[in-house]
1. Assuming a ≥ b ≥ c are the square roots of the Cα gyration tensor eigenvalues, decide whether segment 335-440 counts as rounded (a/c under 1.5), prolate (otherwise, with a/b larger than b/c) or oblate.
2. Over the chain, what is the percentage of antiparallel beta bridges among all DSSP beta bridges, to the nearest 5?
3. From largest accessible area down, sort 582, 521; use a 1.4 Å probe on the protein chains.
4. Placing unit charges on C-beta atoms (Lys and Arg positive, Asp and Glu negative, everything else neutral), compute the dipole magnitude of segment 455-537 about its Cα centre in debye, rounded to 20.
5. Taking the Cα centre of each part, how many Å lie between segment 99-118 and segment 342-367?
6. Under the rule of -39500 (n - 2.57) per DSSP H run of 4 or more residues, summed and divided by the residues of the chain, what mean residue ellipticity at 222 nm is obtained, to the nearest 500 deg cm²/dmol?
7. Using only alpha carbon positions, build the gyration tensor of the chain, then give the equivalent ellipsoid semi-axes as the square roots of 5 times its eigenvalues, largest first, whole angstrom.
8. Multiply the residue separation of residue 348 and residue 73 by 0.36 nm, subtract the distance between their alpha-carbon atoms, and state the gained length in nm to one decimal.
Amino acid sequence: MEETSKSITDSIVNIVFLTYLTMIPRRKHNASSGSLPGQDDKHASNDYILADGGRREGWRAAIRRRLRCNRKTLQKRLPIIAWMPFYDGPKAVGDLIAGVTVGLTVIPQSLAYANIAGVPAQYGLYGSFLGCFIYIVLGGCRAVPAGPTAIASLLTWQVAGGVVEKAILLNFLTGLIELLMGVLGLGFLINFVSGPVSSGFTSAVALMIATSQVKDLFAIPVAGSTFLQQWISVFRNIRDASLWDPVLGFSCIALLLSLRKVGMIQLGKTRVGGPSTHQKVITKCLWLLGTCRNAIVVVTTGVLGYWFVATRGSSPVRLMGHIPSGVPLPSLPPLSYVRPDNTTAGFVDMVAEMGSGLLVIPLIVLLEDIAICKAFSDGRTIDATQELIAQGVCNMGNSFMQAYPGGGSLARSVVANGSGVKTTFGGFYTGVMVILALQFFTQYFEYIPKAALAGVIISAILFMVEYDVVRPMWRAKKLDLVPGVGTFVLCLTLPIEVGILIGVVVNIVFILYHAARPKFSVELLRTDAGREYLMITPDRCLMFPSVDYVRKLVTKCAAGADVPVVLECTHIYSADYTAAKSIEQLTADFHARRQPLYFYNVKPSVCSIFEAVAKPEHFTVFYEDEELDRLLAADERLRPSKPPPPPPQVA
């Protein structure tokens, strides 16, 4: 399976450059003008060849832009500088309320997410405070409390396999990769994860997370790393299920879903003049009740577990058990660990065991974070590069506090936004609450039933299944269902990081196929002088996947008409050596059968590529409509051949 992951990763690296070229927007030249493009049009595309040292100046300018540090750049890379001078009392109150409210949500969530990651519960809390503090300085979205997430936790379990040392090192390497991607400006990579692939992945992850909680819901052992393997194990062991754990778990799920509905109640919404003050207060209380539902369920069941232990000496349901108290001391991420067979795995061995997860987790964390930022951006442009830097530093910092990978959580962001958060400083109060919980309340966490935490996770995960996108996707473009459904099925049957990589590859293959099969318009036209010619217009660039197809199609169209052919190149904004070789062969074929072939409106950069390979006497370019009549009149191939001499007369 590791070899499969590596081969898939190599495939993505090999084709990512070409796919990136197909995704770069181009500035179009006005084809109707029929004139030579202006000199500035050379630089209308990243693919144009720059003459006179332009390439050297390009990379030098790029380095200068990276190193330039003015006020605007400083505010872009340290967003706190932009909003801190305008921080006032109302904003501070909003951040305080939101931070405390999110803190009540993040504490039970972190305990539950640690269970998904397969590590002890305290490690979920270890990743829930330092990242909040770092994001205050580097974060660009007010509603992103950094910390453990359901998706990152499941991926950590898939990659680290419940080994704490690997999970911590994975966090450090994930943060380092995110930081390097941000410094190098590689935020565009998330564009390769399309909407259908993202929806299929998210839905599969939701089912995987819910499946991972079945073992605590029924108090049975569950083995396996994929969706099918786990459910096979569940059905084998279901006869050993406890009675009271599922009763408590399903009761918690029902209560959580009910409280969620209660939080959506809005009194006086249809009342003329709007709700009264009394109704507003009740609505706010109901909203707070729904928002704090996780904390309410966890505290209530924790008290119930403590009562059973205090009065009867044991609990009929499984409890969390002992959780060490106190904030961990900063320490370097572990570079080795002892395997179950008493052999020691070094740093290289640990990285090799992580495999493609080192690439998948940073992209998925960024994808989730960008989705949250777009939802709560208030109309502002999202800087994916800055979010990469912020999340990278947060994860690297959290690794020194013995935490596993995390990012932005949509559930916490919804709570923060609904609580009236104004700036990223709301994360300060969330972090303080987590520290207080670690320092003073972990002794009480051991009485929380595992079934209750499973109910918390399942009730939240139910709404991550994106079944509502299937119908619009079917109506819009049925072909998009292939990568979406394919990613969904693959993530359930294979390790998740392999499933998402295959989904991305399938999506890229679709893009490449689209690039390899350009559309053509073919018209039989007349010049001003009345000469007929065949105008063939491709709708996109000529790159090596499409050149054979283009050559065959042009030859086929021209073979059916004994007239000159004009290849309209207005939409060809880039080309490569393979395309130039194909053009050379195409012009040679036309010359061999004495059929004129002309190229109209070729961009200077593309023309230089074609001229470097094609023979000058075969490659003819024009930019004015009037030039075509002159070229046709001067072309000897169109002149009627001399009539054969009459046969000699027989006397």
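1. The shape class here is oblate.
2. 55
3. Largest accessible area first, the list is 521, 582.
4. 240
5. Between the Cα centres of segment 99-118 and segment 342-367 lies a distance of 24 Å.
6. One gets -18500 deg cm²/dmol as the mean residue ellipticity at 222 nm.
7. The equivalent ellipsoid of the chain has semi-axes of 62, 27, 24 Å.
8. 95.3 nm
The values are calculated or read from the model by the stated rules, or taken from the named source; none is laboratory data. Keep in mind that this is a model prediction, so the values were computed, not measured. Glycine also receives a Cβ, built like all others from the backbone with ideal geometry; neighbour counts cover every protein chain displayed. Accessible surface areas use protein heavy atoms only, side chains included; no ligands, DNA or RNA. Shrake-Rupley method; radii C 1.70, N 1.55, O 1.52, S 1.80 Å.
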